[in-house]
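Heads up: the structure comes next, in structure tokens.
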There are 2 protein chains.
Amino acid sequence: MYRTNTCGELRISDVGKKVTLAGWVQRTRKMGGMTFVDLRDRYGITQLVFNEATDKELCDQANKLGREYCIQAKGLVQERQSKNAKMETGDIEIIVDELNILSPSLTPPFTIEDHTDGGDELRMKYRYLDLRRSVVRRNLELRHRMTILIRNFLDNQKFIEVETPVLIGSTPEGARDFVVPSRMNPGQFYALPQSPQTLKQLLMVAGFDRYFQIAKCFRDEDLRADRQPEFTQVDCEMSFVDQDDVINLFEEMCRMLFKEIRGVDLPKPLQQMTWHEAMRRFGSDKPDLRFGMEFVELMDEFKGKGEFSVFNEANYIGGICAPGCADYSRKQLNELTDFVKRPQVGAQGLVYIKYNADGTIKSSVDKFYSQEVLQAVLKKMNAKPGDLALILSGSNANKTRVQLCSLRLLMGDRLGLRDKNVFKCLWIIDFPLFEWSDEEQRLMATHHPFTMPNPDDIPLLDAHPEQVRAKAYDFVCNGIEVGGGSLRIHDTKLQEKMFEVLGFTPERAEAQFGFLMNAFKYGAPPHAGLAFGLDRFVSILAGLDSIRDCIAFPKNNNGRDVMLDAPSALEPKQLEELKIKIDKE
Amino acid sequence: MYRTNTCGELRISDVGKKVTLAGWVQRTRKMGGMTFVDLRDRYGITQLVFNEATDKELCDQANKLGREYCIQAKGLVQERQSKNAKMETGDIEIIVDELNILSPSLTPPFTIEDHTDGGDELRMKYRYLDLRRSVVRRNLELRHRMTILIRNFLDNQKFIEVETPVLIGSTPEGARDFVVPSRMNPGQFYALPQSPQTLKQLLMVAGFDRYFQIAKCFRDEDLRADRQPEFTQVDCEMSFVDQDDVINLFEEMCRMLFKEIRGVDLPKPLQQMTWHEAMRRFGSDKPDLRFGMEFVELMDEFKGKGEFSVFNEANYIGGICAPGCADYSRKQLNELTDFVKRPQVGAQGLVYIKYNADGTIKSSVDKFYSQEVLQAVLKKMNAKPGDLALILSGSNANKTRVQLCSLRLLMGDRLGLRDKNVFKCLWIIDFPLFEWSDEEQRLMATHHPFTMPNPDDIPLLDAHPEQVRAKAYDFVCNGIEVGGGSLRIHDTKLQEKMFEVLGFTPERAEAQFGFLMNAFKYGAPPHAGLAFGLDRFVSILAGLDSIRDCIAFPKNNNGRDVMLDAPSALEPKQLEELKIKIDKE
């Protein structure tokens, strides 16, 4: 037997026991003829003691142990003289009488401590050492605990977890698919699922009533920070339900998770906000409600009230009021201007109004507007002396709002208003069914082509599709979209209409989604669902900056696993068998 | 609200309640001015009643309902006159006063009944209808229940479920990989995991101590009956354990599953049998112990005792005694001979000895052997009057035993000795570490290259590798390998030695498994693990003939999903982006 106990479980009540422990050498120190070794495993750290006076040979052995050696130690539990209240095992230590090196270790390329000296790339290359750090391991333990809680919650609600296939067909609509050449069907390819969307709808047609799956999904998109080519969804679908049924049930699930994991009671019910309201007040379909700084529209206040042509020509003028920032220096204000002009944000410029503590007003548009106009603006914005008004304008209202949103979040960060231990959740509803794609020069489905239009808006489908609201809902927490879903179309005719509005020929709709539309001809039930991004959900509850920190073996921004050195070239025989060639041009 | 109750929950105590149900029309029948509709959902069937006398219009509507229409019905629960004790809701019926068709249905291509008239291919094409059949759905419900039980068991045992990546590197050793071209790294490919083997070992190096994952695995092999290109493993790994620790823990898990799912108490402890014993007694490393008919070796009895050159030249002669089969006709015996001569079995011929009920003996080798010799054989085989001895011989003992195993299983089937409701489980241990591959003309790892040799046999690695036993174990039930695993090598030197015996150059070992061997240099703990085939485990506990019946959307023998029509050709743009070409030669 390699051990009688773990390194996290011995207590004062175990004093006098003969025990065997196994684990890794966290550190070794010599002190007055004694050698102390901190032995670490997943469960904790226990102090081993070697006494030069009583067993010099054993003590010499201990002195030679390097960091991260994997060892086994046998000995007697005794009460510690200088107890360590910070450690759960801090009341005891082990007087070792036998030491076995199970596996020596080279010196690790970085320290295995909560605050390591290893950079990102190095930690990923040696991820198996990085994962020894308890800060990293705890994220994965939390992830495990969340999936257990989610599964048991959904099981109690009569959901069945069904595994849907990973090798499916390619659907060029939406994001890019990862594809898999089929050796048995040369020239043909499987695709990896971007989500089990159509399959879970087929399970509803099949009468499964309540389905879920914690499922791997795949998207071959250019990777931005916090995107991984493979990610995990808590994917759910229900039959015979309306929007409120879905929202209520999954709100309950989220409430349970926040309570169990963080001890936080979410309000009951959660706030619901329409997409239009969220855009108007926060310039985002995933507003961060941990702080105010809501948008104030300033068209009436500015338009025609001065000689500033930028504002006079704008279709939208709006601002936020940053409390206590009137003393921002020229340099700080320039930084903000540079920020909003970055291509990722895309604004043309930034207007500020300082409401100084002494009641005076100073603005970048002083020369265009009278003090009265600026005072009226500050009043509309509810500004107090000491505040700073930051104002953007533009020809497209929503695009300008999105720019202003970036600025709001930046100011939130600067003012320390985005506390990771505060959780503000809400539902966003009434999304537009379609959105215009500049790239494709056509309407695209905001969610996906199976989303049910709001029944009240169906008459608008032909003439004003852009005005049609979707029966769709997103679960948003702290400015992050954690989950989202919709009621689905279960009527073949309406589904065909959707494809028509999306510019599909009937042939293309048939080729790509014929199996689903055919299934709807056999008594499809009304159904709805949603999916949570597990990686995001874990990182929010763990208070992480990046989803990578809750993934065991993540890929870098080039889609590479630097530890495995994947992807890599194949052997020629593999390509021959698959009947494909690399096209080097 | 679409329903107040499901179709499975109303009881006599609900009489008088106003309810709303939703579901599918199972069948409709008219009887004396009344129309009865069986309404079905996942939870059961409830009888709806329409009365021509009280509401002719509604009754007419009901008469027009087709099979599998999805409907909603509102009405009053009343006690049934002719109760149906076979149905849980058989005491009540619903007097309907409102009927809504949610979704009409075409006539299904096969009947949605336990015994359907649909063939395999048709059922797969319309899998969403096939899944409406409760016999199919119940298998998936069982699968869900098993995964919940497994996860909670392992969670209680401090295992952490860790998701390992699906996009990894290709390792040409072992079965063929499915590969995924990388658009961001042109000319390079990911591979889908055949199992998370190396990744779970890295998690042990990372100190995770106890890992599990219910993981999708992928093998691009030619499909035989009951093989799927993607399948699911319950994959586990533990640190600081020996073989018995692993066996004991997972035996407990299996005991729990058999008890919870089937109410069966497995013996404690389960039998353990060495690989050599299993081969000698049953000709299989996964013996079916539901019945006897053990092999009896007959070398001493036959060799040199007669003029039959086949036996005189054989290196192995063995037989089984089929009880009560002495009256087999010539035709039946010819069938058995044809069976063993099939290429899948591969024997040259079959020798029989009939021990007739009257005590006389009749054999296909009468002319070569005296009655005394045949009598001695029957005695050795413990045959009784009425029994039939079936005997095979060959030059390679184990190959002949495998042939005899096929015959034994056939006779077990014929005699009804392989009852699906009887479960005989055991562990097979002491596998050979290597096996000879005729195809590759070299030694291959029986399990995989990371399996620990039996320490007693390490000195044999150079001179007699074929004699080295592995620290490996399989969990076998009813002749099916349900799970298997091994102790792993955690020493770089020993791992390098293994690769050497397997014929890897150091360069190739480094290229393919360098990341693992490098990891072992940083204090790798002793570790061991195993994996259960979930599809097989479910099908055994569900009493199924094929794993397909417990998979929601299985593929056919050509690796095709006939419902999705996958795999399929890609659009030229997709191939261009991936920089690959179809090689039509």
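The values are calculated or read from the model by the stated rules, or taken from the named source; none is laboratory data. Worth saying up front: this structure is predicted, and the values here are computed from it rather than measured. For neighbour counting, all protein chains shown are included, and Cβ atoms are generated from backbone atoms with ideal geometry for every residue, glycine included. When the accessible area is computed, the model is the full protein with side chains, heavy atoms only, and any ligands, DNA or RNA have been set aside. Shrake-Rupley method; radii C 1.70, N 1.55, O 1.52, S 1.80 Å.
In percent, what relative contact order does chain B have, based on Cα pairs under 8 Å that are 6 or more apart in sequence? Intermediate results must be reported in sequence, preceding the final value.
Numbers: 1093 pairs, mean separation 73.0, N = 585.
Once normalised by length, the contact order is 12 percent.
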(message) Charges at C-beta only: +1 for Lys and Arg, -1 for Asp and Glu. How large is the resulting dipole of chain B about its Cα centre, in Debye rounded to 20?
(response) 1380 debye
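Kirkwood Rh over Cα pairs of the range A:12-103 into Stokes-Einstein at 37 °C, 0.692 mPa s: D in µm²/s? Walk me through the intermediate numbers first.
Values: Rh = 13.0 Å.
In µm²/s, the coefficient rounds to 253.
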(message) So, taking all protein chains as they sit and a 1.4 Å probe, how much accessible area belongs to A:D222, in Å² rounded to tens?
(response) 90 Å²
(message) Averaging over every viewing direction, what projected area does the convex hull of the Cα atoms of the range A:108-152 cover, in nm²?
(response) 3.3 nm²
(request) List every residue whose amide H lies under 5 Å from the amide H of B:G169, counting only residues 5 or more places away in sequence or on a different chain, with H placed 1.01 Å from N in the peptide plane. (result) B:A191
(request) First compute the accessible area of chain A with a 1.4 Å probe, then give the percent of it belonging to carbon and sulfur atoms. (result) 48 percent
(message) Going Cα to Cα from B:K420, which aspartates and glutamates come in below 14 Å? Please leave out same-chain ones fewer than 8 positions away.
(response) B:D288, B:D545
(request) With only Lys, Arg, Asp and Glu charged, each at its Cβ (+1 for the first two, -1 for the last two), find how big the charge dipole of the range B:298-393 is about the Cα centre; round to the nearest 20 debye. (result) 120 debye
(message) Apply the Karplus curve 6.51 cos²θ - 1.76 cosθ + 1.60, θ = phi - 60°, to the phi angles in the range A:441-457 and return the couplings in whole Hz, x for Gly and Pro.
(response) 6, 7, 6, 10, 6, 4, 9, 7, x, 9, 6, 6, x, 4, x, 5, 9
(message) Just the number please: accessible area per residue for the protein assembly as shown, 1.4 Å probe, all protein chains included, in Å².
(response) 41 Å²
(request) Under 13 Å from the Cβ of B:L392, count the other residues' Cβ atoms, weight Lys and Arg +1, Asp and Glu -1, and hand me the total. (result) +3
(request) Within the set of other residues whose C-beta is less than 13 Å from the C-beta of A:K493, count the net charge using Lys and Arg as +1 and Asp and Glu as -1. (result) -1
(message) Using C-alpha positions alone, give me the convex hull volume of the protein assembly as shown per residue in cubic angstrom.
(response) 242 Å³
(message) Given N residues in the range A:291-414, what is its alpha carbon radius of gyration divided by 2.2 N^0.38 Å?
(response) 0.95
(request) Provide A:K379, A:K424, A:K74, A:K493 ordered by accessible surface of protein heavy atoms (probe 1.4 Å), highest first. (result) A:K379, A:K493, A:K424, A:K74
(request) Of the options A:C236, A:V538, A:G483, report the single residue whose Cα projects farthest towards the positive end of the charge dipole of chain A (beta-carbon charges: Lys, Arg +1; Asp, Glu -1). (result) A:V538
(message) Check which residues have an amide H placed less than 5 Å from A:S103's amide H, if you skip close sequence neighbours.
(response) A:C70
(request) Would you tally the net charge around B:C7, using a Cβ to Cβ cut-off of less than 11 Å, leaving B:C7 out, and scoring K and R as +1, D and E as -1? (result) -2
(request) Stick to the Cα atoms of the range A:189-249, pair each with every other, and give me the Kirkwood hydrodynamic radius in Å at one decimal. (result) 13.2 Å
(request) Just tell me, in residue order, which DSSP H segments of chain A are both 18 angstrom or longer along the helix axis (alpha-carbon based) and at least -0.5 in mean Kyte-Doolittle hydropathy. (result) A:134-156, A:243-262, A:397-414
(request) Compute the relative contact order of the range B:12-103 as a whole-number percentage, counting only Cα pairs closer than 8 Å that sit 6 or more residues apart in sequence. (result) 33 percent
(request) Using only protein heavy atoms and a 1.4 Å probe, report how much of A:T111 is accessible, in Å² to the nearest 10. (result) 40 Å²
(message) On a 23 Å Cα-Cα criterion, which of the cross-link pairs A:K216/B:K259; A:K200/B:K555; A:K331/A:K354; A:K573/B:K216 come out too long?
(response) A:K216/B:K259; A:K573/B:K216
(message) Nothing charged except the Cβ atoms of Lys and Arg (+1) and of Asp and Glu (-1): what's the magnitude of the dipole of the range B:352-496 about its Cα centre? Round to the nearest 20 debye.
(response) 800 debye
(request) Collect residues whose amide H, placed 1.01 Å from N in the peptide plane, falls under 5 Å from the amide H of B:T446; neighbours closer than 5 in sequence don't count. (result) B:F434, B:E435
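With all pairs of different alpha carbon atoms counted, what Kirkwood hydrodynamic radius in Å does chain B show?
Across chain B, the inverse of the average 1/r is 28.5 Å.
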(request) Mind grabbing the accessible area of B:M293 for me, 1.4 Å probe, Å², rounded to tens? (result) 20 Å²
